[in-house]
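As structure tokens, the structure follows; a few thoughts come after it.
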Number of protein chains: 2
Amino acid sequence: MHMKAKAAKADFAYLRIADTIEEQILNGTLEPGQKLPSIRTICREYGISQNTALSAYHTLEIKLLIESRPQSGYFVRFSKRRLPSLPAVTNPAAIAHDADNDRIVQAVYESLGEEGHLPLALGFPANGLLPVAKLNKSLAQAARSLNGSAVSYEKTEGNERLRQQIARWSFAMEANLSSSDIITTNGCLNAISYCLMAITKKGDTVAMESPVSFGMLQLAEVLGLKVLELPTDPQTGVDINALEDALRKGQINCCLFISNFSNPLGSCMPDEHKKQAVQLLTNYSIPLIENDINGDVYFGSKRAKSCKTYDEAGLVLWCGSVSKTLAPGYRVGWVAPGKFKAELNRMKRYHTISNASLTQAVIADFLETGRYEKHLRKLRQTLQANLHQYSTTIAEYFPEGTSASRPQGGFVLWVVLPEEIDTMLLYEKCLQAKIGFAPGRIFTLQNQYNNCLRLNYGLIWNDKLKNDLQYLGELISNVNLI
Amino acid sequence: MHMKAKAAKADFAYLRIADTIEEQILNGTLEPGQKLPSIRTICREYGISQNTALSAYHTLEIKLLIESRPQSGYFVRFSKRRLPSLPAVTNPAAIAHDADNDRIVQAVYESLGEEGHLPLALGFPANGLLPVAKLNKSLAQAARSLNGSAVSYEKTEGNERLRQQIARWSFAMEANLSSSDIITTNGCLNAISYCLMAITKKGDTVAMESPVSFGMLQLAEVLGLKVLELPTDPQTGVDINALEDALRKGQINCCLFISNFSNPLGSCMPDEHKKQAVQLLTNYSIPLIENDINGDVYFGSKRAKSCKTYDEAGLVLWCGSVSKTLAPGYRVGWVAPGKFKAELNRMKRYHTISNASLTQAVIADFLETGRYEKHLRKLRQTLQANLHQYSTTIAEYFPEGTSASRPQGGFVLWVVLPEEIDTMLLYEKCLQAKIGFAPGRIFTLQNQYNNCLRLNYGLIWNDKLKNDLQYLGELISNVNLI
């Protein structure tokens, strides 16, 4: 017990020091190429053991923020100058559009979802980044603990143990939910689908960040909803003034935002924006479906808050899942629907009765045993390093005038190419070369983002991947694609 | 191998003989109280071993069709005279109704779904009738065979092994589906939900058997659909003339029938009716959602066909699941959507991406290994015996003028009490006595079936259950409930 507590404390110490140094690197206090204090020095400065100091530097090395040079020590590796410039705030037309996507866009959607598709085009992590063996341990444990009860219908709200774990987890974003606030669903998309069915009717308008995750456009289409795309900053997310404008004009019936590490832009609303957005929506009594599926995949030192954190009126329907971090195929998601709980329960019961207990119990076990946090810590480091590799490769190999988002979490990178490049044409060419990406045009209902593309960096970084990215850059640079 | 084939043949022989004798009992060739041929006689007559003969008689004993009397031999036990009379064909108004159920009916719906509710009120089998231990064997097997792939999104259509098994299974009803005809869903209700979302729009009218399974009324309500209730015969199902009439008048946009062992009436459309219905619907190009969830729980000698069997135009969307026979809590269902496959796929993908592979793989294993057929054989016998117990108890203890359905499969019994009895009032009184049932009024959108109730006989028959039924009969007989 004592040993364990001591280990946990050391664990915490190395992360705290790594976070501090990371912040100094990112804000420029420590400059690229600058030599870092020696292990002996930081041991003395922070009053820590040599092992703790080595762990801190090792973490920063994994994230590609520093490098060790033989016989010389540790040096800052990360440089903002080596990154592509940031794209501008998006500027969609302030008109709601029917979500009837044209056939070509539709065809691209469908092909992205197909099995065996090229992984750069997808929006979820590669299997190799998921803790399959440990998840199987939880499966064995869950099967034992459920005994025969997995064959029975569970109550509509979902597995109690899982709901408790989600509630516990919500403390990290200071939302302080209790298990009775939560309903489990068949993945996050299913949660959003029930939310939309519960609070909108055909012909209603939903405001979303632009570019918009294409799954949301598909869902809006089958539900007969209009989409109002809002201007969005690649770093701070939806433009609060544009939101206020739309609310004042009575243009929207509900909002659907990915508040943390949006897809495809990677933006993260700062706390102050989240607070303002919730305040505005409360003033106009407009509900917000908050898709927080990426919230746990942050690259900073702690989890970002959610809009739900500031929700006093119960207008925020907070949705999440483990589909992007742990087990896409388990289809375990959830929603904390605020004051719409009865409606959400009704949707779930009327459309499907209940969900599979078994997979929920496995995830509950994975959370209870601390395996999830351990896995996430590793996943975040890997993704942050990948993002760095992608960004520097793009800066080096993509044509001049290319800009790219700088997501502070999540899996996807938004790349804006010179205006004359049509990424729908590029898409066809790349398919022949077996390199995939998601063309920008499929993330909007308007005629825009034709020179943009989304890349998945939730893959295993290797030479093949590096070559693919370089080749993609060369194709863009050399081929006349106007 | 040889041993196994021989065993299978003997297996078949005893069932064939039991079926023959059962038919003779049910059609009156063998009369109640009549002595059956001795074991030695049937061994000689059929050219079988003594063990096979004993197995045949044992099967009939389990089904309560015959009884053995010490030192005297076997006698016919079953008597139609001991059964309640059959209810009349239902006679709902030929007008479509909005599915906005009134609040009292809604409250009863909700209470039926609650955990810990009284089992007689439910429409699915008790856990004690489900093969939990054997299912856990399949779980272990499935987890091994999936290895890491359970964490990945599977293709939209669903688990390939499961779809193959369902296709194989469909040969029993001569529908000859292939795995590519099938899409798996999160239970049967979810399949029906996608079907309705794919082929109807708000305000459309769906024709259903009356009384109507209340889950269908709930679903119609949230989708904004009208329901036209069709007259239904408690034995042969939906009235074909009434269906033709509605089609001729252009009253309906789609049909939703439980062709085999409907809920709550227990009717089964004869082959000829199924064929006629499909022909009519084809003439008018009106699709049929066929809920065949109970098709495998037949009491006759073989599986009834489905409307899908006769579907050449691809207008039948055949839905099923293992929720009523094997594992309600696994949420494994499916649909063979005929020519609407692309739309169904789209619905599933847009609303939930895919389903959990794991639970599907468990069910696939259960089917592959023959465990399902073995389990069903036992379940059918148990249910048939239960039905007999219920029917004779009702004939004895319920007031004069009571009639009851004679389902040839499924789990539920429809009881029609004397007209002056209001089963909504009775429901309240019975709750106090901790005896449940589903009042008739919740199975319709019209003011009818007020003197009817539905009982679940998918329970374990014992003294407690017998006493409850008797007590229910006494309550009805003695209490003034007008």
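Any read-out appearing in this document is the output of simple, stated calculations on the displayed coordinates, not a laboratory observation. Keep in mind that this is a model prediction, so the values were computed, not measured. Neighbour counts run over all protein chains shown; Cβ positions are idealised from the backbone, glycine included.
Looking only at other chains, what is the average number of their beta-carbon atoms within 10 angstrom of each beta-carbon in B:199-205?
Average neighbour count from other chains, rounded to a whole number: 1.
Distance from the Cα centre of the stretch A:140-173 to that of the stretch A:409-482, in angstrom?
Distance between centres, Cα-based: 40 Å.
Put a label point 7 Å from Cα along the Cβ direction on B:Lys434, then list its distances to the equivalent points in the other copies in nm, shortest first.
Taking the point 7 Å beyond Cα along Cα→Cβ, the inter-copy spacings are 6.7 nm.
In a shell of Cβ-Cβ distance under 13 Å around A:Tyr330, excluding A:Tyr330 itself, what net charge do Lys and Arg (+1) and Asp and Glu (-1) give?
Computed value for this residue: +1.
Give the residue from B:Thr184, B:Gly203, B:Leu217 lying farthest towards the positive end of the charge dipole for the stretch B:139-247; charges sit on Cβ (+1 for Lys and Arg, -1 for Asp and Glu) and the dipole is referred to the Cα centre.
B:Thr184
Report the per residue volume, in Å³, of the convex hull enclosing the C-alpha atoms of the protein assembly as shown.
199
I'd like the Karplus ³J(HN,Hα) series for the stretch B:337-344: coefficients 6.51, -1.76, 1.60, θ = phi - 60°, whole numbers in Hz, and an x wherever there's a Gly or Pro.
Once rounded to whole Hz, the list reads x, x, 6, 9, 4, 4, 5, 5.
Can you list residues whose amide H is under 5 Å from B:Arg77's amide H, if they're 5+ apart or on another chain and H is modeled 1.01 Å from N?
Those lying under 5 Å, H to H, from B:Arg77 are B:Gly33, B:Ile66, B:Glu67.
Direction-averaged shadow area of the convex hull around the Cα atoms of the stretch A:132-371, nm²?
Mean shadow area of the hull around the Cα atoms is 12.1 nm².
So for the stretch A:2-81, averaging the separation of alpha carbon pairs under 8 Å that are six or more residues apart and normalising by length, what relative contact order in percent results?
35
Long-range amide H contacts for A:Leu317: which residues qualify at under 5 Å (H placed 1.01 Å from N, peptide plane, sequence gap of 5 or more or a different chain)?
A:Leu288, A:Ile289, A:Glu290
Excluding same-chain residues fewer than 8 positions from A:Lys249, which aspartates and glutamates have a Cα within less than 17 Å of its Cα?
Cross-link targets: A:Asp204, A:Glu229, A:Asp239.
Only loop residues by DSSP count here, and only those with at most 11 other Cβ atoms within 10 Å; note down the chymotrypsin sites (Phe, Trp or Tyr not before Pro) in the stretch A:234-310 that meet that.
Qualifying residues, ordered by number: none.
Loop only per DSSP, at most 14 neighbouring Cβ atoms within 10 Å: give me the trypsin sites (Lys or Arg not before Pro) in the stretch B:417-482, ordered by residue number.
B:Lys434
Averaged over its residues, how many other protein chain Cβ atoms are within 10 Å of peptide B:329-342's Cβ atoms?
Across the residues of B:329-342, the mean count of other-chain Cβ atoms within 10 Å is 3.
Report the convex hull volume per residue for chain A, counting only C-alpha atoms, in Å³.
Residue-normalised Cα hull volume stands at 153 Å³.
What are the trypsin sites (Lys or Arg not before Pro) within the stretch A:220-284 that DSSP puts in a loop, where the Cβ has at most 15 other Cβ atoms within 10 Å?
Loop-located and lightly packed - A:Lys249.
Quick check: Cα centre of the stretch A:181-235 to Cα centre of the stretch B:300-326, how many Å?
35
Residue-wise, which Karplus ³J(HN,Hα) couplings in Hz belong to the stretch B:406-419, taking 6.51 cos²θ - 1.76 cosθ + 1.60, θ = phi - 60°, and x for glycine or proline?
Rounded to whole hertz, the list is 10, x, 8, x, x, 10, 10, 10, 9, 10, 10, 8, x, 4.
Which of A:Ile353, A:Asn263, A:Asn294 sits farthest toward the positive end of the charge dipole of the stretch A:132-371, with +1 on the Cβ of Lys and Arg and -1 on the Cβ of Asp and Glu?
Highest projection toward the positive end goes to A:Ile353.
If contacts are Cα pairs under 8 angstrom and at least 6 residues apart, what is the relative contact order of chain B in percent?
Once normalised by length, the contact order is 21 percent.
On a 32 Å Cα-Cα criterion, which of the cross-link pairs A:Lys63/A:Lys464; B:Lys134/B:Lys226; A:Lys308/A:Lys464 come out too long?
B:Lys134/B:Lys226; A:Lys308/A:Lys464
Here is the link list: B:Lys302/B:Lys374; B:Lys201/B:Lys339; A:Lys202/B:Lys341. Which ones come out longer than 21 Å on Cα distance?
From the list (B:Lys302/B:Lys374; B:Lys201/B:Lys339; A:Lys202/B:Lys341), the Cα-Cα distance tops 21 Å for A:Lys202/B:Lys341.
Taking every residue in B:222-232, how many Cβ atoms of other protein chains lie within 10 Å of its Cβ, on average?
Partner-chain Cβ atoms within 10 Å, mean over residues of B:222-232: 1.
At each listed q (0.13, 0.15 Å⁻¹), what is the log10 of I(q)/I(0) that the Debye formula gives for the stretch B:327-482 modelled as equal alpha-carbon point scatterers?
-0.79, -0.91
For the stretch A:36-127, what D do you get in µm² per second when you plug the Kirkwood radius from alpha-carbon pairs into Stokes-Einstein at 4 °C and 1.567 mPa s?
For these conditions, the coefficient is 69 µm²/s.
How large is the translational diffusion coefficient of the stretch A:2-81 in µm² per second when you combine the Kirkwood radius over alpha carbon pairs with Stokes-Einstein at 37 °C and 0.692 mPa s?
Here the translational diffusion coefficient equals 254 µm²/s.
Using the Cα centre of chain B as origin and beta-carbon charges of +1 (Lys, Arg) and -1 (Asp, Glu), tell me which of B:Ala142, B:Ser306, B:Leu30 is placed farthest towards the positive end of the dipole.
Value computed over the given set: B:Ala142.
When only Cα pairs under 8 Å and 6 or more residues apart are kept, what is the percent relative contact order across the stretch B:345-482?
Rounded, it is 25 percent for the stretch B:345-482.
Charges at C-beta only: +1 for Lys and Arg, -1 for Asp and Glu. How large is the resulting dipole of the protein assembly as shown about its Cα centre, in Debye rounded to 20?
3180
Distances from A:Leu54 to the same residue in each other copy, label points 7 Å out along Cα→Cβ, in nm, shortest first?
Reported distances to equivalent positions: 7.5 nm.
Residue by residue through the stretch B:17-27, what is 3J(HN,Hα) from phi via Karplus (6.51 cos²θ - 1.76 cosθ + 1.60, θ = phi - 60°)? Round to whole Hz and write x for glycine and proline.
Karplus values, whole Hz, x for Gly and Pro: 5, 4, 4, 4, 5, 4, 4, 5, 6, 5, 8.
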